[in-house]
Amino acid sequence: MLSSDHSSVVPINLFVALLCACIVIGHLLEEQRWMNESITALAVGLCTGIVILLTTGGKSSHLLVFSEDLFFIYLLPPIIFNAGFQVKKKQFFRNFMTIMLFGAVGTLISTAIISIGAIHFFKKMNISSLRIGDYLAIGAIFSATDSVCTLQVLNQDETPLLYSLVFGEGVVNDATSVVLFHAIQSIDLSHINSSIAAEFLGNFLYLFISSTILGVLTGLLSAYIIKKLYFGRHSTDREVALMILMAYLSYMLAELFYLSAILTVFFCGIVMSHYTWHNVTESSRITTKHAFATWSFVAEIFIFLYVGMDALDIEKWKVVSDSPGTSVMVSSILLGLVLVGRAAFVFPLSFLSNLTKKFPYEKIDIKQQVTIWWAGLMRGAVSMALAYNQFTRSGHTHLHGNAIMITSTITVVLFSTVVFGLMTKPLVRILLPSQKHTASMLSSEPSSPKSFAVPLLNRHDSEDNQTSHNVPRRTSLRMLLSTPSHTVHHYWRKFDNSFMRPVFGGRGFVPFVPCSPTDHSVHQ
């Protein structure tokens, strides 16, 4: 018993050591304009996989066995929650309709194009063992963008509009892809008619709305409990623990009720940052902000490190070793369909979105459209997880067609993450050189956990005041944004101040805790 326990501890030790190495290497490469944490973790994973292959005589390339439960239940929740928790809410909801267009409608368009293209090309190539359900699943798998890598490339303060669009689309896209994938698996594709299509659409809308409502309700419940009970008067640890557990509870409740857990935990993060985070003591605010960001950061590195090692899994490559040309051709076709499928919705939907915008600064110009198209070309862990779900049984692949799809998915993920990931930073700097100078105007939001450092906010404000005479439009624009007109946002502010904040707390609510940092913040 002791020897078996020890044998399982060894790979965990090595994996944790590799995580530490990725963090150190990422820090050393921080100034490199071409590198980011995702690519660093992939490279370390590939190198480690080669070493393991050599030491095991070609039997295995990874320390840990891939598990969908590990990914969907333990690694994905902190990433998505932290994205919602630290998002610039004003930017996100100001562009909410555009985000939903890209994330939901765009994903459907991309899925349809990739599925039709796969049927057209792969049937000509005589790839065996693929059914109509597999082709539709391929569309959902390769429509899932890698929001993790994209968020590392773009900067929320330098390019606020782009960040909110790409980030929001990434989260909604992941949720849409997963919902679509499970819907495809659950319906009978041999008898498709109008009633089944209507039922599919109804289930799709039900999942979206129900998941969002569950996330909002869980976030409001956490805010109400912490506001009413004042945990900070006795222990800030309880406040932090309750916030963390309530966030995770929202995700698991969605899984329990067969909803979209990604959407649920994302909107739970938004609600918690708007209400719950302001109800805790100042020390708890700092702790939770860094705790959520740290867990998200480690989970991202873990995923890409494993993907790098899994790319060299010898079992999958043995099955396709007799036809390497076919595997390369399938990967190339899928990559081309990803490019076409994304372009097919980014540019037309951007045109439709621009028709609804009144002011030029709200519109998405052609350079931003190209950046959005390029930044969403990366495929990552969600695509890998869905591909494993569709084309493997108990982690093994023996059918030739299924093995080709798994290896092609790995190839597309590696190529798109490395090549497109490396090129995104330079592309943003070439296409949008002026964004950095006007960032603070549109991205300032003191109610977000991301902008908790008050001295930094004061510094940006002073810089804006010093340069306001050079850019007169900035002052008028700031007045427009700070004085809400009679829009949805205006009515929401009135409703929030009159009904929501008195019940659930939020910005402006400071629980009185004697001898704590918040006791002094009242006077500030």
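The values are calculated or read from the model by the stated rules, or taken from the named source; none is laboratory data. The structure presented is a predicted model; accordingly, all values stated were derived computationally and were not measured. Cβ atoms come from the backbone with ideal geometry, glycine included; neighbour counts cover every protein chain shown. Accessible surface areas use protein heavy atoms only, side chains included; no ligands, DNA or RNA. Shrake-Rupley method; radii C 1.70, N 1.55, O 1.52, S 1.80 Å.
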Filter the range 192-222 for residues that are surrounded by 14 or more Cβ atoms within 10 Å (Cβ to Cβ) and of a type in the set (Phe, Trp, Tyr); the one that is nearest to residue 238 (Cα to Cα) is 208
Counting only residues that are of a type in the set (D, E, K, R) and outside any helix (DSSP H, G or I), which one in the range 343-390 is most open to solvent (accessible area, probe 1.4 Å)? 358
Subset of the range 277-296 (residues that are under 22 Å from the mean Cα position of the chain (by Cα) and free of Cβ contacts under 8 Å to residues at least 60 places away in the same chain): 290, 291, 294
Take residue 183 and decide whether it is under 24 Å from residue 135 (Cα atoms), modelled with pLDDT under 85, buried (at least 17 other Cβ atoms within 10 Å of the Cβ) and hydrophobic (A, V, I, L, M, F, W, C). yes
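Residue-wise test of (1) part of a loop (DSSP other than H, G, I, E, B); (2) at pLDDT below 75; (3) open to solvent by less than 60 Å² (accessible area, probe 1.4 Å).
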site	(1), (2), (3)
11	no, no, yes
18	no, no, yes
58	yes, yes, yes
64	yes, yes, yes
69	no, no, no
72	no, no, yes
77	no, no, yes
80	no, no, yes
Would you pick out the residues in the range 391-416 that are polar (S, T, N, Q), part of a helix (DSSP H, G or I) and modelled with pLDDT under 85? 402
Could you say which residue among 340, 330 is open to solvent by 10 Å² or more (accessible area, probe 1.4 Å), closer than 26 Å to residue 372 by Cα and assigned to a helix (DSSP H, G or I)? 340
If you take the residues in the range 260-296 that are touching an Asp or Glu at 6+ places or on another chain (Cβ under 8 Å) and not polar (S, T, N, Q), which one is surrounded by the most Cβ atoms within 10 Å (Cβ to Cβ)? 262
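Residues checked against (1) modelled with pLDDT under 90; (2) over 24 Å from residue 293 (Cα atoms); (3) of a type outside the set (Asp, Glu):
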| site | (1), (2), (3) |
| --- | --- |
| 200 | yes, yes, yes |
| 208 | yes, yes, yes |
| 221 | no, no, yes |
| 229 | yes, yes, yes |
| 262 | yes, no, yes |
Flag if residue 118 is of a type in the set (Gly, Ala, Ser), under 20 Å from the mean Cα position of the chain (by Cα) and at pLDDT 90 or above: no
